[in-house]
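Colleague: Got a structure for you, written out below as structure tokens; questions coming shortly.
The numbers here are math on the coordinates, done by the rules we state, and not lab data. Fair warning: this is a prediction, and the values are worked out from it, not measured in the lab. Glycine gets a Cβ as well: all are built from the backbone with ideal geometry, and neighbour counts include every protein chain shown.
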Amino acid sequence: MGIDEWAVAIMESLGLFGAGLLVAIESIFPPIPSEIILPLAGFTASQGSFTIVGAILATTLGSIVGAVALYYLGQGLGAQRLRRWAEKVPLMSADDVDKAMVWFHRHGKTAVFTGRFVPIVRSLVSIPAGVDRMPLPIFILLTTLGSGLWNSLFVILGFVLGENWTAVEQFMGTYSRGILVIAIIAVLAVVVVRIRKRRRAG
């Protein structure tokens, strides 16, 4: 059974709760793509199983639950533990964690809001928010606004497209793969630069 069939089965069995549960899982486990879950929820609403407003509210609540779980994970990890881990990773140091946290402290609110529109980032951004101990009410507000907009767009598309809701999945699959390729290139570029710096220093 593929992810599509599994998501359909969950939503058919559990209704709105299933839609919210799937999005909560997607928030924590990015390989389950929201581009399948959200338009599917819209399509299911178009069939009369539940309302489109209910679909938007349930999926947004699921996004919040998943994000808050990762927020508390980040809070539990703490900056000190991340520094220790960074020292054990090749080409990284505690300074990298410090620089990242300084940046996040300045731009965290923008990152939490806009990160909800970027695959993978929308899951990971909750962790530094917890590490930085961003006030939870602000974190939830920004997550609600960002996730609410993202979820509304794709639930509505699924509702309007009806049986053709999978067209959203195909388009967004390309978008997600593009983001992943850019991320891989960026990481490789950083690795190459750091290796060169170490060779010059040595």
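Colleague: Once you have all Cα-Cα distances for segment 1-87, histogram them in 10 Å bins from zero and send the whole-percent values.
Modeller: 18, 42, 21, 13, 6, 0
Colleague: Quick one: order PHE104, PHE17, PHE29 by neighbouring beta-carbon count within 10 Å, fewest to most.
Modeller: Details: PHE104 18, PHE17 15, PHE29 10.
Fewest-to-most ranking of PHE104, PHE17, PHE29: PHE29, PHE17, PHE104.
Colleague: Now a separate question. Rank the residues TRP103, TRP165 as a footprinting-exposure proxy: fewest other Cβ atoms within 10 Å of their Cβ go first. Don't jump to the answer; show the numbers that get you there.
Modeller: Numbers: TRP103 12, TRP165 22.
Ascending Cβ contact count within 10 Å gives the list TRP103, TRP165.
Colleague: Is the C-alpha gyration tensor of segment 1-150 telling us rounded, prolate or oblate? Criteria: a/c under 1.5 is rounded; beyond that, a/b larger than b/c is prolate, otherwise oblate.
Modeller: Values: a/c = 2.93, a/b = 2.04, b/c = 1.43.
Judged from the Cα gyration tensor, segment 1-150 comes out prolate (a/c at least 1.5, a/b above b/c).
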